[in-house]
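One structure is given here, and the rest of the page talks about it.
FYI, it's all coordinate maths here, none of it is from the lab. On a predicted model such as this, the values are computed, not experimentally measured, just so you know. Methodologically, a virtual Cβ is constructed for each residue, glycine included, from the backbone with ideal geometry; neighbour enumeration extends over all protein chains shown.
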Amino acid sequence: MTIFDSVLGPIEWVVAWLMVAFHQVFTAIGLPAASGLTWGPSIVGLTIVIRIVLIPLFVKQIHASRRMQLIQPEMQKIQKKYKGKTDPESRQAMTQETMGLYKRTGTNPFSSCLPILLQSPIFFALFRVLNNLAGIANGKIHPIGPLDATLAEQAQNSTIFGASLSSTFVHATDVNTKIVTVMLIVLMSASQFTSQRQLMMKNMPANAMDNPFGKQQKVLLYLMPLFFAFSGINFPIGVLLYWLTTNVWSMGQQFYTIRRMPAPGSLAEKALEARRLKSGKEHKKFTIPGLSHDSELDEIQDSAITDAKPKSGQRQQPKRKKRGKPPGQGDGKPGLKEQPGAAPPAPADGDT
């Protein structure tokens with residue numbers, strides 16, 4: 001047994017147990033036991049349970065994303081401070097200041113990746129369960145938890161619009177399987193694109209799109225659907241159904257989150273503030289203790305200080321001082337010899 005098997009083994013057991021549990025529920029209400037109308041919704045139910053379990057991590061991801069948005073001005077200051085410095089001491093100092101900022105503000109940049117990282121083993125476990133249905137049905141592979149040979153044979157023979165749940169586009173020999181697979185891939189890619197575009201258009205500040213992170217998000221907006229489109233031809237129909245359900249769930253969950261917990265400075269936050277003011281409620285902006293939120297003023301002050309300092313390697317030129325005029329020059333006071341052709345001084349008050 002490989003390490004991969006040791007890690008995915010327990011997850012496969014949980015996936016099989018949830019599938020069989022939903023299958024028993026749908027069978028109890030009168031759906032055919034060997035039909036795709038029973039096993040397909042069982043995969044959907046499995047997906048919903050997993051997403052409900054991941055809700056606390058999703059909330060943690062939202063808070064981490066909001067904190068990352070708020071500390072961007074401070075991050076830009078650190079990057080500007082060490083811009084162009086490639087020596088090891090400067091790189092180490094930049095890393096230490098960045099980690100210090102994360103620690104001071106309680107920000108973890110990896111928290112936003114937790115839901116995706118935790119879903120990956122579930123994705124591969126479901127992939128392996130569906131691929132092993134034929135082996136479990138004919139006795140070549142041991143049952144996975146409650147998924148015995150009888151249930152595996154039912155799942156293997158179940159179809160959705162004439163396509164088996166364990167079939168893939170690459171190995172399909174009939175037209176129905178290819179059509180169903182293409183439809184699921186298109187819907188999966190479209191839902192992924194819509195979900196990512198919704199996040200970028202409504203829940204990201206305008207200035208966030210100009211930094212490297214924003215440009216990366218723009219690339220992923222078009223790259224991820226293409227990735228799913230090209231790799232989806234190798235996925236079983238049951239896995240495509242799982243991923244489509246995940247994307248639809250993410251769209252709804254994201255819509256609710258953007259409306260109720262928008263990112264600071266985004267269009268969604270302005271809309272939330274307008275709704276609360278209209279209803280007479282106070283709008284409290286999301287803040288981080290220990291972080292200065294007067295970012296614009298700080299940026300202006302830092303820019304002024306940076307501009308006032310001489311650039312490294314360049315000698316600061318001394319400023320020429322204005323020389324004062326000799327006493328009495330041009331002011332009519334004694335002790336100054338009048339210039340030829342100069343107009344006489346105006347008489348003082350009381351002179352005749």
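Quick one: is Ile50 touching a helix residue (DSSP H, G or I) at 6+ places or on another chain (Cβ under 8 Å) and more than 30 Å from Gly162 (Cα to Cα)? Step through it out loud before you land on a result.
Values: touching a helix residue (DSSP H, G or I) at 6+ places or on another chain (Cβ under 8 Å): yes; more than 30 Å from Gly162 (Cα to Cα): no.
No, not satisfied.
Does Ala125 satisfy being free of Cβ contacts under 8 Å to residues at least 12 places away in the same chain, buried (at least 16 other Cβ atoms within 10 Å of the Cβ) and among the small types (Gly, Ala, Ser)?
Here the answer is no, as Ala125 does not meet what is asked.
I'd like to know if the range 37-48 contains one or more residues that are in contact with a Leu (Cβ under 8 Å, 6 or more places away or on another chain) and more than 22 Å from Asn247 (Cα to Cα).
The answer is no, given that none of the residues of the range 37-48 is in contact with a Leu (Cβ under 8 Å, 6 or more places away or on another chain) and more than 22 Å from Asn247 (Cα to Cα).
If I ask for residues that are in contact (Cβ under 8 Å) with a residue 24 or more places away in the chain and more than 19 Å from Ala137 (Cα to Cα), which ones from the range 162-185 would you list? Outline the logic, then answer.
Residues of the range 162-185 that are in contact (Cβ under 8 Å) with a residue 24 or more places away in the chain, as a first pass: 163-170, 177, 180-181, 184-185.
Hits for the range 162-185 are Phe169, Val170, Thr177, Val180, Thr181, Leu184, Ile185.
I need the full set of residues from the range 79-131 which are outside any helix (DSSP H, G or I) and either in contact with a strand residue (DSSP E or B) (Cβ under 7 Å, 6 or more places away or on another chain) or farther than 30 Å from Ser231 by Cβ (or both), in order please.
Tyr82, Lys83, Gly84, Lys85, Thr86, Asp87, Gly106, Thr107, listed by residue number.
Yes or no: the range 138-161 includes at least one residue that is surrounded by 15 or more Cβ atoms within 10 Å (Cβ to Cβ) and among the aromatic types (Phe, Trp, Tyr).
No, the conditions are met nowhere in the range 138-161.
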